[in-house]
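The values are calculated or read from the model by the stated rules, or taken from the named source; none is laboratory data. Everything numeric here is computed off the predicted structure, so don't read it as measured data. Quick reminder, even Gly has a Cβ in these numbers, built from the backbone with ideal geometry, and neighbours come from all protein chains shown. Quick note on the areas: whole protein, heavy atoms, side chains included, nothing else; ligands and nucleic acids left out. Shrake-Rupley method; radii C 1.70, N 1.55, O 1.52, S 1.80 Å.
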Number of protein chains: 2
Amino acid sequence: MTLTCAVIGAGAWGTALADRLAHNGHAVRLWGYETDVVDAINQHHTNRFLAGITLHPAITASHEIGEVVTGAGLVVMAAPSHVTRAVAESAHPFLSSSAAVVVASKGIEQHSLALMTEVVDDVFDIGPSIALSGPSFAAEVASGQPTAVVVACADVERARFAQQAFSGQTFRVYTQDDVVGVELGGSLKNVMAVATGIAEGLGLGFNARAALITRGLVEMTRLGVALGAKASTFAGLAGMGDLVLTCTGSLSRNRTLGLEIGKGATLDEVLATRETVAEGVITARSARALAERHGVSMPIVDAVHGVLFDGRSSRETMNELMNRDLRAEQDS
Amino acid sequence: MTLTCAVIGAGAWGTALADRLAHNGHAVRLWGYETDVVDAINQHHTNRFLAGITLHPAITASHEIGEVVTGAGLVVMAAPSHVTRAVAESAHPFLSSSAAVVVASKGIEQHSLALMTEVVDDVFDIGPSIALSGPSFAAEVASGQPTAVVVACADVERARFAQQAFSGQTFRVYTQDDVVGVELGGSLKNVMAVATGIAEGLGLGFNARAALITRGLVEMTRLGVALGAKASTFAGLAGMGDLVLTCTGSLSRNRTLGLEIGKGATLDEVLATRETVAEGVITARSARALAERHGVSMPIVDAVHGVLFDGRSSRETMNELMNRDLRAEQDS
């Protein structure tokens, strides 16, 4: 089965997924926002967001979303979460009603507090899209390092379709039906990565990091269950797997941001030096609002929110987190 | 409350726990097997198993187990798991029947397949001992880095007693009643650390490591539930927390051993260069036997066992693990 694929978003993750699809023999068109990125893909098969990688030559890039989306049987949404609605709206006029849509962006829309598949489904209105998530540094995916992810859809046939399209020797794709759990795992882990970075910036060690990750998964699971997700999803690749990767692998944008803040920088100072957004910053706001709406206790999310937006001291906030009353482990 | 404490085993972990107890104002006697280690503790407050740390001066060490155990109200078992029964037998004649016993050793006895609290309770016969486990590199504990662990006992009053004895500003202790889950978590994670090391030795990346850790926790939980543990324990500090620490923190003995084997060394070659035992090697045998006895599928344990003891190739075994049939994530 050879598909015509449109990948919307030429950041590291969108480009790595485009590369996987091209290696599977599909025709792949990639939409990029930055014209220099589009030109480099077409002329040199490179992308500065994926340094050191030579992309599959069958990938063509364009800045015109109509050129990319028209006629595509598989559409992959991979723009940053805060622009996903706007990008989907610009793609919508060109979308085939029979297309399968995979959502690889990870985040929670501000104000609406919608997950990315909800945003995309709201705009496209062609049936449920498929969430793709799991522990997957883009550079490793693009360089053919073994990776396992999940695709989740309420419609199991669509999930299997995406599984077949993406699966390859080094890229294992498992199916899931818990879309909310898979998406929340991928989104909330970015807030935990900021927390881990702050702890590292303060000089805390591996023991504290492991405790933070463990307690982080507990509160992610608690919010997920309140929103209708399965607890077991958070013990899987899109929950624990992605959380562990992002909090312990090479420094992600979110962890680096936390690290700088733990060392004393303010959020404004860190953001002023960056071209790309750390999803965890936006998600800290959305997650806190979701937790409040559903009456769920999320002390680590509260701590990150307090440090990023309320001027709280990193050290005092982290000390408070570590020094909550002694109690049984299964209590909150 | 000031206790007289006996810590049996002057390796890194026993010594770090002795140091915590001394910092809490308790009188601490430490039994060491190596006489040079005993002398260094008494004369210089140092231990070569905890390089760079100055121990609390109130710790006294001895090679005579009777001197250490007689009159102790709290006894901490911290010898390697394969000598725990023999060491407990030598301590038994001096043990007060009113002592609380904390078991900090992590492993599964060969042949009997008993957990360490079962071994100790079998020898001491003074009521249930307390398992202490969780993400805790000894060097970080001894240097006062924030750490969170659990103490588990069927008798909740004993667990609370241990919690009070060990808790301090930088050492948080949570109580648990799932002794089997807590002990299995601490034991089985060492096998997963060997697996992670093998993957690293073969040159696999962070994505593969995160997938291995995730699937590792799934099979640890599966065995635990078959043995009567709670699945939720494996999502806690003694399960996921310790697993993440050991597989991602600085190189543990188990991960280093796996790394060398992944790079092509045989088990005999690696063991010939070491003074101390990597618990994961012994636990790979015991865990495989437990899984067979209970009819539980543990593909990662099988893989480690095959590479360590059956002469299987690291690369082929790891490829097979990574390339199991595509399926839904919740299936085995």
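Which residue, A:Ala211, A:Ala78, A:Ala193, has the most motion in a Gaussian network model of chain A that connects Cα atoms within less than 10 Å?
A:Ala211
Short version: ³J(HN,Hα) in whole Hz for each residue of region A:66-72, in order, from phi by Karplus 6.51 cos²θ - 1.76 cosθ + 1.60 (θ = phi - 60°), x for Gly and Pro, what are they?
Along region A:66-72, the couplings run x, 4, 7, 8, 4, x, 6 Hz.
Residues of B:224-235, mean number of Cβ from any other protein chain within 10 Å of their own Cβ, rounded to a whole number?
On the way: counts 0, 0, 0, 0, 0, 0, 1, 3, 6, 2, 1, 12.
Mean partner shielding for this stretch: 2.
Skipping prolines and chain starts, which residues have an amide H placed within reach, meaning under 5 Å, of the one on B:Ala114, given they are 5 or more residues away or on another chain?
The answer is B:Glu109.
Would you calculate a helix-derived [θ] at 222 nm for chain B, using -39,500 (n - 2.57) for each DSSP H run of n ≥ 4 and dividing by the full residue count, to the nearest 500? Show your work: numbers first, answer last.
Values: 16 runs with 166 residues, N = 332.
Only helices count here, giving -15000 deg cm²/dmol.
Please give the charge dipole size of region B:154-274, origin at the Cα centre, charges +1 on K and R Cβ atoms and -1 on D and E Cβ atoms. Round to the nearest 20 debye.
Working: 12 positive and 11 negative charges, 49 e Å.
So the magnitude is around 240 debye.
How about region B:138-172: which of its residues lose at least 40 Å² of accessible area in the presence of all protein chains relative to their chain isolated, using a 1.4 Å probe?
With the partner chains in place, region B:138-172 has these residues losing at least 40 Å²: B:Glu140, B:Gln145, B:Pro146, B:Arg172.
Using Cα centres only, tell me the gap between region A:59-124 and region A:161-212 in whole Å.
Their Cα centres are 22 Å away from one another.
Taking only the alpha-carbon positions of region B:202-328 and ignoring solvent, what does the Debye formula give for the base-10 log of I(q)/I(0) at q = 0.09, 0.12, 0.15, 0.17 Å⁻¹?
Values returned for q = 0.09, 0.12, 0.15, 0.17 Å⁻¹ are -0.26, -0.47, -0.75, -0.99.
Quick one: Debye curve from the alpha-carbon atoms of the protein assembly as shown only, equal weights, vacuum; give me log10 I(q)/I(0) at q = 0.05, 0.07, 0.08, 0.09 Å⁻¹ to two decimals.
Result of the Debye calculation: -0.24, -0.46, -0.60, -0.75.
Out of residues 5 or more away from A:Arg172 or on other chains, whose amide H comes under 5 Å of its own, with H placed 1.01 Å from N in the peptide plane?
Close amide H contacts, sequence-distant or interchain: A:Thr147, A:Ala148, A:Val149.
Point me to the residue of chain A whose C-beta lies closest to the A-onto-B rotation axis, rounding the distance to whole angstrom.
Closest Cβ on chain A to the axis mapping it onto B, in Å: A:Thr248, 2.
Points 7 angstrom from Cα along the Cβ direction at A:Ala86 and A:Glu269: gap in nanometres?
In this crude label model, A:Ala86 to A:Glu269 measures out at 2.9 nm.
Please name which of B:Gln169, B:Thr273, B:Val194 has its Cα lying farthest along the dipole of chain B towards the positive end, using unit charges on Cβ (Lys, Arg +1; Asp, Glu -1) and the Cα centre as origin.
So the residue we want is B:Gln169.
For the pairs B:Lys189/B:Lys263; B:Lys189/B:Lys230; A:Lys106/A:Lys189, flag any whose C-alpha to C-alpha distance is greater than 19 Å.
Working: B:Lys189/B:Lys263 21 Å; B:Lys189/B:Lys230 16 Å; A:Lys106/A:Lys189 10 Å.
Pairs exceeding the cut-off: B:Lys189/B:Lys263.
So what is the accessible area of the protein assembly as shown per residue, in Å², with the probe set to 1.4 Å?
Numbers: 23630 Å² over 664 residues.
About 36 Å² of surface per residue is accessible.
Mean-square fluctuation check for chain A, GNM, Cα pairs under 10 Å: which of A:Val75, A:Val194, A:Val244 is largest?
Result: A:Val244 has the largest fluctuation of those listed.
Stick to Cα atoms and the Kirkwood definition of Rh, then tell me Rg/Rh for region B:51-100. Can you show the working numbers first?
Details: Rg = 12.4 Å, Rh = 12.3 Å.
Here the Rg-to-Rh quotient is 1.01.
Just tell me, in residue order, which DSSP H segments of chain B are both 20 angstrom or longer along the helix axis (alpha-carbon based) and at least -0.5 in mean Kyte-Doolittle hydropathy.
Values: long enough: B:179-201 (34 Å, 0.98); B:206-226 (30 Å, 0.64); B:279-294 (22 Å, -0.37).
Those that pass (Cα extent of 20 Å or more, hydropathy at least -0.5) are B:179-201, B:206-226, B:279-294.
Calculate what fraction, in whole %, of the accessible area of the protein assembly as shown sits on carbon and sulfur atoms when a 1.4 Å probe is rolled over the protein chains. Kindly include the intermediate steps, with their values, before the conclusion.
Details: 11910 of 23630 Å².
Answer for the protein assembly as shown is 50 percent, counting heavy atoms of protein chains only.
Using Cα springs under 10 Å in a Gaussian network model of chain B, which residue among B:Glu109, B:Glu64, B:Glu118 shows the largest mean-square fluctuation?
Answer for the Gaussian network model of chain B: B:Glu64.
Shortest first and in nm to one decimal, what separations exist between B:Tyr33 and its copies in the other chains, measuring from label points 7 Å along the Cα-to-beta-carbon line?
Taking the point 7 Å beyond Cα along Cα→Cβ, the inter-copy spacings are 5.9 nm.
Let's see if you can work this out: charge +1 on each Lys and Arg Cβ, -1 on each Asp and Glu Cβ, no other charges. What is the dipole magnitude of the protein assembly as shown about its Cα centre, in debye to the nearest 20? Don't skip to the answer; put the middle values down first.
Working: 48 positive and 68 negative charges, 49 e Å.
So the magnitude is around 240 debye.
So what are the radius of gyration and Dmax for the Cα set of chain A, in Å?
Spelled out, the Cα radius of gyration and Dmax of chain A are 19.3, 60 Å.
Using a label point 7 Å beyond Cα on the Cα-Cβ vector, give me the inter-copy distances for A:His92 in nanometres, one decimal, shortest first.
In nanometres, ordered from closest: 7.7.
DSSP loop GluC sites (Glu not before Pro) in region B:228-332 with at most 12 other Cβ atoms within 10 Å of their Cβ, which ones? Kindly include the intermediate steps, with their values, before the conclusion.
On the way: sites: B:Glu260, B:Glu269, B:Glu275, B:Glu279, B:Glu292, B:Glu316, B:Glu320, B:Glu329; in loops: B:Glu275, B:Glu329.
Here the GluC sites (Glu not before Pro) that fit, given the DSSP loop and packing criteria, are B:Glu275.
Would you mind checking which residues have amide H under 5 Å from A:Ala235's amide H? H placed 1.01 Å from N; only 5 or more apart, or other chain.
When sequence neighbours closer than 5 places are left aside, the close amide H contacts are A:Met240.
What is the percent of Cα-Cα separations in region B:1-155 that go past 25 Å? Spell out each step's value before the answer.
Values: 2604 of 11935 pairs.
Taking all Cα-Cα pairs of region B:1-155, the fraction more than 25 Å apart is 22 percent.
Any idea what the dipole of chain B comes to, in debye rounded to 20, about its Cα centre with Lys/Arg Cβ at +1 and Asp/Glu Cβ at -1? Numbers along the way, then the final one.
Values: 24 positive and 34 negative charges, 144 e Å.
I would put it at about 680 debye.
Can I get the semi-axes of region A:1-58's equivalent ellipsoid? Compute them from the C-alpha gyration tensor as square roots of 5 times the eigenvalues, in angstrom, largest first. Please report the intermediate quantities before stating the final value.
Values: eigenvalues 62, 26, 19 Å².
With the √(5λ) rule applied to region A:1-58, the semi-axes are 18, 11, 10 Å.
Using a 1.4 Å probe on protein heavy atoms only, how many Å² of accessible area do B and A hide from each other, summed over both chains and rounded to 100?
4300 Å²
Can you pull the Kirkwood radius for region B:148-220, inverse mean 1/r over Cα pairs, to one decimal in Å? The partial results should precede the final answer.
Numbers: mean 1/r = 0.0707 Å⁻¹.
It works out to 14.1 Å.
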